[in-house]
Amino acid sequence: MRWAAVVAWMGLIFFLSAQPRLPRVMPPGLPQIQDVIGHFIVYAVLAVLLWWALRGAGMRRPLLWALAVTLLYSLTDEFHQSFVPNRHPDVFDLATDLAGAVTALLIARWLGARRRLV
């Protein structure tokens, strides 16, 4: 079940990256904010799902592995976008993906440490 969630989320990312244009949900004049928020959240969720799956599989250092796999998937996603009309790879997107993953994993670690204390 854990791995199904990871694969489904990766599939959603791939599907969204294959779209030449994504609908705008932010007010006019703020298109970059939507892009940043989107990348941050999507890769934060991927990192936590990977951590959850790796932890359930008994993997040593699941946080580090989750971060590494998330970064690798982000790299392949940016490469994939180079083949999609109206899309292009962007180092800033990669940095935003990494920031989302790191933030989510730090929060997961903090919450896990708090839960053990209670």
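The values are calculated or read from the model by the stated rules, or taken from the named source; none is laboratory data. Computed from a predicted model, the values in this text were never measured in an experiment. Cβ placement follows ideal geometry from the backbone for every residue including glycine, while neighbour counts extend to all protein chains displayed. Note: areas computed on protein heavy atoms with side chains; ligands, DNA, RNA excluded. Shrake-Rupley method; radii C 1.70, N 1.55, O 1.52, S 1.80 Å.
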(message) If I model a spin label as a point 7 Å beyond the Cα along the Cα-Cβ vector, how far apart are those points for Gln32 and Ala99 in nm?
(response) 1.1
(request) Report the residue, chosen from Leu105, Leu46, Leu12, that carries the largest GNM mean-square fluctuation when the chain is represented by alpha-carbon nodes joined by springs under 10 Å. (result) Leu12
(message) With every protein chain kept in place and ligands, DNA and RNA left out, what is the accessible area per residue of region 19-118? Probe 1.4 Å, answer in Å².
(response) 67
(message) Out of the total accessible area of the chain (probe 1.4 Å, heavy atoms of protein only), what percent is carbon and sulfur?
(response) 72
(request) Counting residues in region 50-118 as N, plug N into 2.2 N^0.38 Å and put the Cα Rg over that result. (result) 1.35
(request) Could you grab the relative contact order for region 50-107? Cα pairs under 8 Å, six or more apart, rounded to a whole percent. (result) 32
(message) Along the charge dipole of the chain, pointing to its positive end and built from +1/-1 on Cβ of Lys, Arg, Asp and Glu, which listed residue (Trp51, Phe79, Trp9) has its Cα farthest out?
(response) Trp51
(message) What is the angle, in °, between the Cα long axis of helix 91-117 and the longest principal axis of the Cα atoms in the chain? Nearest 10 is fine, range 0 to 90.
(response) 20
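Would you mind finding the longest exposed-site-free stretch of the chain, with exposed trypsin sites (Lys or Arg not before Pro) meaning DSSP loop and at most 13 other Cβ atoms within 10 Å? Show your work: numbers first, answer last.
Values: sites that count: Arg21, Arg24, Arg60.
Maximal segment without exposed cleavage sites: 61-118.
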(message) With N set to the number of residues, divide the alpha-carbon radius of gyration of the chain by 2.2 N^0.38 Å and report two decimals.
(response) 1.13
(message) For a quick check of understanding: with a 1.4 angstrom probe and all protein chains in place, what accessible area in square angstrom does Phe40 have, to the nearest ten?
(response) 70
(request) Just grab the label-to-label distance for Ala113 and Arg60, each label 7 Å out from Cα along the Cβ direction, in nm (one decimal). (result) 2.2
(message) If I ignore ligands, DNA and RNA and count only protein heavy atoms, how much of His88 is accessible to a 1.4 Å probe, in Å² to the nearest 10?
(response) 120
(message) As a test question: what accessible area, to the nearest 10 Å², does Val7 have when a 1.4 Å probe is rolled over all protein chains in place?
(response) 100
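Contact order normalised by length for the chain, with contacts defined as Cα pairs under 8 Å and 6 or more residues apart; what percent is it?
34
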